[in-house]
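Here's the structure, in structure tokens; my notes come after.
Readers should treat all values here as calculations from the given coordinates under stated rules, not as data from a laboratory. Note that the structure is a prediction, hence the values are computed from the model and not measured. Heads up, the Cβs are rebuilt from the backbone with ideal geometry, glycines too, and the neighbour counts pull from every protein chain shown.
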Amino acid sequence: MLEAGKKAVITIDAIATGGDGVGRLNGMAVFVPHTCRGDKAEIVLNKVKSGCAYGTATKILEPSPYRRADFCASSGACGGCDLAHMDYEEQLFVKGQIVKDALERIGGFKDIPVRETLRSPRPERYRNKMVFPLGRNAEGKALGGFFAPASHTLVPLTDCRQGHRDAGLWLGATLEYLEETHTTVYDENSRRGAARRLFVRLAEGSKEAMVVLTANAKKIKQPELFVEKILAAKTEYTVKSIVLNVHTEPNNLLLGSKNKVLYGTETIEDVLGGLCFSISPHSFYQINAPQTENLYNTALSLAGLSGTETVLDLYCGIGTISLFAARKAGHVIGVEIVPQAIENAKENAKRNGIKNAEFILGSAEEIAPKLANEGKAPQVVFVDPPRKGCDEAALSAILKMNPKKIVYVSCNPATLARDAKRLCQKGYTLQEAVPTDMFPNTSHVEAVVLLQRDN
Ligand code: SAH
């Protein structure tokens, strides 16, 4: 009988969504984090449910050939890189399998061509956005780092191999500032204390940087000292924006609603695919710059625009896909829920001299039905929703508009499969899926699929 606390020896034969290794004991699937296909491991069971069990590897008895040496000294302690113990080729294979699996099991698709996972041009130090929670240790010394897996316990770090070295330098400068000004740090339980997180964003194409301190306060002590310390760091990127974000709400959102510019401007500029993009702290921006260009080029090549189409880009962010598409289409309409992102998108169209793109503020589930009712009939629809996928109202509106092609960009294979299934029940065929590795060393999987209208 399998029960919690029991020890066992298991061979891992697959990697599940979420990155855990999976093996079998008495025919039951057992999920074991930080293992590779082919590992023979001694495990202890933590939880046994009716259909599956969860364990922790206590010893790797025979290591898989796909294992590699520790990628980072904080591996395991930090919750950030759950595939860091796997060599990169294996990560790519695993991500392809996760996409294929979701499409088959959740979407009910069979024999769809899933391309080889598109490799990230840089398999490490690719992140252009870093968010460091701030805290103090038992002795009261200021710390920044990441949370341990499935917890809010801070693992202190001075540099992270997923991000640029500059981010670690600004973190160091921030900790000095917190020490010198005796600034308190936010405690989630008591909801007291000021400094919450340091958020850094880098624009790789322009080498501009934005540094945002989020605080549970309307003001911070000696803001000029914070600015001075950030600007004094010997970094490759040039800081163009230093912002205090007022975040007094007890939620886990990265940012509160209000920004106060402490230095420079509220936005930074990036150059991507020959276009220039203005980005606000609240706007979404893809975090792996060189791979973003590949992602967008894949989406565009699947769309196969001829230069005359009307295109709808739902969940458009700052209008990146929209403006890439505008160069190859007749007219583009972008829809996005975050007001700052829509402002950025309008500004981005203007400064790139793009006149055939318009942007609408609102949710996809509200705006798409309106567009459908107005008789808008785009030939191509791009959708790039957050992890929860598309709302039913957005999907029915797309179906009503009856586009020839739907290009679905997704960061969650499960909701992608669910939504693609829904669209394919109503006259579309899934032509191709392209897993794209936007997030090396983590189990996050991005994919682009093409759905084409039948007949
Ligand atoms: N295509 C863009 C953004 C993708 S991320 C890019 O590549 O940069 C998903 C975007 O959807 C985010 O900008 C988010 O703010 C937006 N969003 C989230 N929920 C939404 C909704 N219900 N309707 C419209 N946009 C939404």
Plugging the Cβ-Cβ distance of LYS404 and SER190 into 1/(1 + (r/R0)^6) at R0 = 56 Å yields, to the nearest 0.05, a FRET efficiency of 0.50
Proximal aspartates and glutamates to LYS404, defined as alpha-carbon separation beneath 16 angstrom and excluding residues fewer than eight positions away on the same chain = GLU309, ASP313, GLU432, ASP454
Ordering 377-383, 266-272 by per-residue average of other C-beta atoms within 10 angstrom, highest first, gives 377-383, 266-272
Hey, which of these cross-link pairs are over 23 Å Cα-Cα: LYS346/LYS376; LYS7/LYS40; LYS129/LYS234; LYS346/LYS426; LYS346/LYS388?
-> LYS346/LYS426; LYS346/LYS388
In what order do MET1, MET86, MET438 fall by count of nearby beta-carbon atoms within 10 Å, going from fewest to most?
-> MET1, MET438, MET86
Treat segment 307-455 as a sphere of radius equal to its Kirkwood radius over Cα pairs and apply Stokes-Einstein at 4 °C in a medium of 1.567 mPa s; give the translational diffusion coefficient in µm²/s, rounded to a whole number.
-> 84
Stretch gain in nm, segment GLU62-ASP391, where the contour uses 0.36 nm per residue and the Cα spacing is subtracted = 113.9 nm
Extending each Cα 7 Å along its Cβ direction at CYS424 and LYS260, get the distance between those two points in nm, one decimal.
-> 5.3
Search the structure for amide H atoms under 5 Å from the amide H of LEU143, placed 1.01 Å from N in the peptide plane, and list their residues when 5 or more places away or on another chain.
-> GLY135, ARG136, ASN137
How much net charge surrounds ASN344 when only the other residues with a Cβ under 12 Å from the Cβ of ASN344 are counted, with Lys and Arg +1 and Asp and Glu -1?
-> -3
Return a whole-number percent for the relative contact order of the chain, with Cα pairs under 8 Å and 6 or more residues apart as the contact set.
-> 13
Footprinting exposure proxy for ASP187, ASP384 (fewest neighbouring C-beta atoms within 10 Å first) | ASP187, ASP384
Assigning unit charges at the beta carbon (Lys, Arg +1; Asp, Glu -1) and nothing else, what dipole magnitude in debye, to the nearest 20, does segment 29-169 show about its Cα centre?
-> 280
Please list 296-304, 277-285 highest first by mean number of surrounding beta-carbon atoms within 10 Å per residue.
-> 277-285, 296-304
Please report, in debye to the nearest 20, how large the charge dipole of segment 333-382 is about its Cα centre when each Lys and Arg carries +1 at its beta carbon and each Asp and Glu carries -1 there.
-> 260
Hey, what do the phi angles of segment 225-238 turn into as Karplus ³J(HN,Hα) couplings, whole Hz, using 6.51/-1.76/1.60 and θ = phi - 60°, x for Gly and Pro?
-> 6, 4, 4, 4, 5, 5, 5, 7, 5, 7, 10, 6, 7, 9
Are any of the pairs LYS258/LYS400; LYS49/LYS100; LYS207/LYS370 more than 30 Å apart by Cα-Cα distance, and if so, which?
-> LYS258/LYS400; LYS207/LYS370
Under 13 Å by backbone N from the virtual spin label 7 Å along Cα-to-Cβ at ARG453, the residues of segment 343-387 are 376-381
Summing +1 for each Lys or Arg and -1 for each Asp or Glu, what net charge is found among the other residues whose Cβ lies under 14 Å from the Cβ of GLY145?
-> +4
Simple spin-label estimate for LYS350 and GLU42 in nanometres, 7 Å along Cα-Cβ = 6.7
Karplus-derived 3J(HN,Hα) from phi for segment 445-451 (6.51 cos²θ - 1.76 cosθ + 1.60, θ = phi - 60°), whole Hz, x at Gly and Pro, runs 10, 10, 8, 10, 10, 10, 10
To the nearest 20 debye, what is the magnitude of the charge dipole of the chain about its Cα centre, counting +1 on the Cβ of each Lys and Arg and -1 on the Cβ of each Asp and Glu?
-> 460
Charge tally for neighbours of ARG136 with beta carbon under 11 Å away, counting Lys, Arg as +1 and Asp, Glu as -1, is -2
Toward the positive end of the charge dipole of segment 333-455, about the Cα centre and with charges on Cβ (Lys, Arg +1; Asp, Glu -1), which of ALA394, PHE359, ASN455 goes farthest?
-> ASN455
In the chain, with Lys and Arg counted as +1 and Asp and Glu as -1 at Cβ, which of these residues, VAL380, MET438, ILE106, has the Cα nearest the positive end of the dipole, that is, farthest along it?
-> ILE106
